[in-house]
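Structure record follows, encoded as structure tokens.
The values are calculated or read from the model by the stated rules, or taken from the named source; none is laboratory data. From a predicted model like this one, the values you see are computed outputs, not experimental measurements. Methodologically, a virtual Cβ is constructed for each residue, glycine included, from the backbone with ideal geometry; neighbour enumeration extends over all protein chains shown. Accessible surface is based on the protein model in full, side chains and every heavy atom, while ligands, DNA and RNA are left aside. Shrake-Rupley method; radii C 1.70, N 1.55, O 1.52, S 1.80 Å.
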Amino acid sequence: MSKSGGDLVTHFLLLLVVIIWGSSWAVGRILSSGLDSERPATLDPATVAWLRYAVVVLMFFAWCAYKSLTGDRVRALPPDRNTWRSVLWIGFFGVMIYQLLFMHGMKWTAAGDASLIIPINPVFTVLLAAPMLGQPISRKMALGLFLGIAGVAAVVGWSPNVDIPFEHRLLGDAMVVFAALSWATTTNLTKRILQRRRDEAGASALEIVIWYSFAGWVMLTPWMLYELWGAPLPVPTTVEWASILYLGSFSTVLAYVWFAMGIDRLGPTAAASYVFLVPVFGILTGWALLDESIGVSMLVGFVLIVVGVRVVQRESASLRTD
């Protein structure tokens, strides 16, 4: 295949990634609150997250087994105590905390609203890099944070999804904001491992994801058992099983692999630019699957968040090159 043909395939895969990630918000909403009042959810949030990552861990371990048969070296578990320590922290923030906030948040707010808020994550990532990685913070970064928060406020305060009580949306949106903060912590912890490759047993990015997925899944187990303790064993519907498989296999495993492929072939800047399309598909799938509303405030919030993110990212890149 020619380079132009290969690039076209890569762009198509990246478009599929953002469609999958965008639709995941509506799927999460379905699993958290049900399709409608007549078809409520049968599973509690932590149980959904546990089942999702059971699928993830099974697929990743199967991939490790396949790679070992082909002669490639992909380790299923961390090789030493130092790496385990780092992986446990990433699993704590990136899987357990993030998934609990995500699933509980989607129980209270609209999928479209949540998908608009989560793009503020890069702002949190850069700001947390100051205490975690020693990166300085400038006035322009503070301006970017202000714009991002203003965008979140526009989404929360003037959401067109007024059929959901404001207090419920406020609670759910707050959980999504903290989920973004948790993921930003995960991103910086992962960078620390990659920067210390020699000390962290030469871990690849894929290996780190496999390791912390397993660690986070184990950490979710007590929360799942607490939800099931003393209650009748839930019987998920076909739609719920399909949704869990979709979130585990497509949204977590395949989308990550395709996105990593896009970074490798097109570069991080080109691949990352696709992420800004995630809210677009989040809003559209919320409208198509859950009959959510679309309003001007969403556009205003989206623009403010994207501008804030770009300000922070450009200033961060500028400080690194100075």
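Can you tell me which of (1) open to solvent by 30 Å² or more (accessible area, probe 1.4 Å); (2) modelled with pLDDT of 90 or more is the one residue 81 doesn't meet?
The number of the failed condition is (2).
Matching residues to (1) over 20 Å from the mean Cα position of the chain (by Cα); (2) closer than 20 Å to residue 58 by Cα; (3) of a type outside the set (Lys, Arg); (4) not in a loop (DSSP other than H, G, I, E, B):
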residue: 140; (1), (2), (3), (4): yes, no, no, yes
residue: 167; (1), (2), (3), (4): yes, no, yes, yes
residue: 174; (1), (2), (3), (4): no, no, yes, yes
residue: 178; (1), (2), (3), (4): no, no, yes, yes
residue: 227; (1), (2), (3), (4): yes, no, yes, yes
residue: 232; (1), (2), (3), (4): yes, no, yes, no
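Which residues, taken from the range 112-132, are at pLDDT 90 or above and either within 10 Å of residue 172 (Cβ to Cβ) or open to solvent by 10 Å² or more (accessible area, probe 1.4 Å) (or both)?
Matches in the range 112-132: 113, 114.
Only one of (1) touching a residue at least 24 places away in the same chain (Cβ under 8 Å); (2) open to solvent by 40 Å² or more (accessible area, probe 1.4 Å); (3) over 21 Å from residue 155 (Cα atoms) fails for residue 263. Which number is that?
All conditions pass for residue 263, except number (1).
If a residue must be surrounded by fewer than 16 Cβ atoms within 10 Å (Cβ to Cβ), closer than 16 Å to residue 317 by Cα and modelled with pLDDT of 80 or more, how many such residues does the range 135-149 contain?
The first filter runs over the range 135-149 and keeps only residues surrounded by fewer than 16 Cβ atoms within 10 Å (Cβ to Cβ), leaving 136, 138-140, 142-143, 146.
After this cut, where a residue has to be closer than 16 Å to residue 317 by Cα as well, the list is 136, 138-140, 142-143.
Restricting the remaining residues to those that are modelled with pLDDT of 80 or more gives 139-140, 142-143.
The number of residues fulfilling the criteria is 4.
Kindly indicate whether residue 79 is out of contact with any Cys (no Cβ under 8 Å at 6 or more places or on another chain) and either among the charged types (D, E, K, R) or not in a helix (DSSP H, G or I) (or both). Break it down stepwise before answering.
Numbers: out of contact with any Cys (no Cβ under 8 Å at 6 or more places or on another chain): yes; either among the charged types (D, E, K, R) or not in a helix (DSSP H, G or I) (or both): yes.
Criteria met by residue 79.
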